[in-house]
1. Only residues that are open to solvent by less than 60 Å² (accessible area, probe 1.4 Å) and not aliphatic (A, V, I, L, M): list them for the stretch 144-174, please.
2. Please specify each residue of the stretch 421-438 satisfying the condition of being touching a residue at least 40 places away in the same chain (Cβ under 8 Å), open to solvent by 40 Å² or more (accessible area, probe 1.4 Å) and either part of a helix (DSSP H, G or I) or among the polar types (S, T, N, Q) (or both).
3. Condition check: modelled with pLDDT under 90, open to solvent by less than 80 Å² (accessible area, probe 1.4 Å) and either touching a Pro at 6+ places or on another chain (Cβ under 9 Å) or on the phi < 0 side of the Ramachandran plot (or both). Does Leu395 satisfy that?
4. Please find, among Ser374, Ser293, Ser325, the residue that is closer than 30 Å to Cys427 by Cβ, in a helix (DSSP H, G or I), of a type in the set (Gly, Ala, Ser) and at pLDDT below 95.
5. Being under 29 Å from Ser195 (Cβ atoms) and not polar (S, T, N, Q) is true for just one of Glu338, Glu311. Which residue is that?
6. Just need a number here: residues in the stretch 243-287 that are assigned to a loop (DSSP other than H, G, I, E, B) and of a type in the set (S, T, N, Q).
7. I need the helices (runs of 4 or more DSSP H) fully contained in the stretch 110-209, keeping only those with at least 3 residues that are farther than 19 Å from Leu254 by Cα.
Amino acid sequence: MNMDGPLDFENEDLLVNPPPSADKRKKVIELDDLVSEHYKEQSKLIDKGNRKRKASSKLYDSDDDDERGQEALLSIITFFQMNEICSEEDTQEWGLSMFGDQKAPMRSLIADVDNCYLLKEFMSSQLNSVVDLNPDNGTAFLEGLLANGWLTKLILTCARVETIICQWTLDILLYSPREDLSSSACDFWCSILLSQNEVNGAPVEIQWLPNYQILKEALESYGFRINSSQVAELPEADSKSQGPPQNIRAWLKLVSACCQIRCKKPIFTASQLEQLAEVLVWLLLDRGLQGLSLLLQESLISVTESFREEEWVSSCKNIANSLASRVPQDMNCLRIVESVAGVDARSKHLRSSIANQMLVVLLEHKESDENLMSSLMAINLKEKSCNLFRTYMMLVLAENWLLSSKLVEEKPVLRDMWDVFLRNCFCQINSTDLRPFASKVRTKASYLRQGCRSN
């Protein structure tokens, strides 16, 4: 209980607690109304501002949506343009089908091996009592010796091989379906042929040697598509050809070995060597033989090195003219040139000559080197109708023609013209040019220009 507060009856006394006057109550009510109205007005202004901001934000959002839509449309268009460019560039692939259906071999080398001198000598010796060799199982006995390498060791020891054994082993090398026998026969022939180059050891006396006609017949029986008058056929998706034969590896090794002994035993003439070189280059265009690329290049080097000095210059030109006149004017032009490994002077010369002759065919004139470069410099790459794929081919061919030889050193004017052509390829094509092969031409020219400046 509050002792200091008024008593109950004092609260009821009007004199102690008089009621508020009506005027004061009216003034208080009017002041409350003003405050209330003030806050209502402020609320309306805030709502109005919020509505304006919402409307403006919607407007901005619609503008952003339009920009995003335009960007998406542009990206889609660019995507399809780039896909079209990539697809057009990707369709330009190299590759020829050099082998069709294989034919039955002529088998002109089949010899009566049971009557060979080697078997007769063995049957008349005391060792025959252990082996019990007779004319009926003589062939099987010799095949066993060949497969195990003993026939090769025996011939190298005797330093003499008779005609029947030569023909029999060559027939196995070229036509046997047994890979082990064909490989052993190949080792046999490579051993006796390369023995001719030995300095200290005695060379094997070979009574019979293969010739170009035999190797050509074997190649034709393999289904090889090309000869001196044919143009190589493009591969077909539904082709039922058997493709490269398994004996082609042994054929290549035999050709290489025959060429390596030409200085002592000339098996091929210069014109035959030219045809063999062409065959090897054509084989480098067959995708089915990519696993034999190293062997093909080694064989080609053996062929080019077997030419005599007085034969080489004219023969190299003949090979280049023949290839350039028959190869399709597509990526196979570049593949032929680049497949010739420039590891020695003659292969570089051949590479340069092939590229030069292909340029002559593409530009359709046979004038001087300066006129050839003038034709390249006259190409206007800014024109929309300019064939940039053709320009790219000519750029790569000109690179191999000039840089695989000493022409730019011997003729400074060619070096200057080459630099102008590279500058045109780089400057006349913008980095944003979406034409097929535009980027490849520009990038290639930029790379080659840097090389020219560094030199």
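The values are calculated or read from the model by the stated rules, or taken from the named source; none is laboratory data. From a predicted model like this one, the values you see are computed outputs, not experimental measurements. Please note: Cβ atoms are built from the backbone with ideal geometry, for glycine as well, and neighbour counts cover all protein chains shown. Please note that ligands, DNA and RNA were not included when accessible areas were found on the heavy atoms of the full protein model with its side chains. Shrake-Rupley method; radii C 1.70, N 1.55, O 1.52, S 1.80 Å.
1. Within the stretch 144-174, the subset open to solvent by less than 60 Å² (accessible area, probe 1.4 Å) is 144-147, 149, 151-152, 155, 159, 161-174.
Answer for the stretch 144-174, where residues must be open to solvent by less than 60 Å² (accessible area, probe 1.4 Å) and not aliphatic (A, V, I, L, M): Gly144, Gly149, Thr152, Glu162, Thr163, Cys166, Gln167, Trp168, Thr169, Asp171.
2. Gln428, the sole residue that qualifies.
3. Details: modelled with pLDDT under 90: no; open to solvent by less than 80 Å² (accessible area, probe 1.4 Å): yes; either touching a Pro at 6+ places or on another chain (Cβ under 9 Å) or on the phi < 0 side of the Ramachandran plot (or both): yes.
No; evaluated as a whole, the condition is false for this residue.
4. Ser374
5. Glu311
6. Here the count works out to 3.
7. 117-123, 128-131, 138-148, 150-158
Rundown of residues vs (1) open to solvent by 10 Å² or more (accessible area, probe 1.4 Å); (2) under 24 Å from the mean Cα position of the chain (by Cα); (3) of a type in the set (D, E, K, R), yes/no style:
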{"site": "Val255", "(1), (2), (3)": "no, no, no"}
{"site": "Cys263", "(1), (2), (3)": "yes, no, no"}
{"site": "Glu274", "(1), (2), (3)": "yes, no, yes"}
{"site": "Ala277", "(1), (2), (3)": "no, yes, no"}
{"site": "Gly291", "(1), (2), (3)": "yes, yes, no"}
{"site": "Leu294", "(1), (2), (3)": "yes, yes, no"}
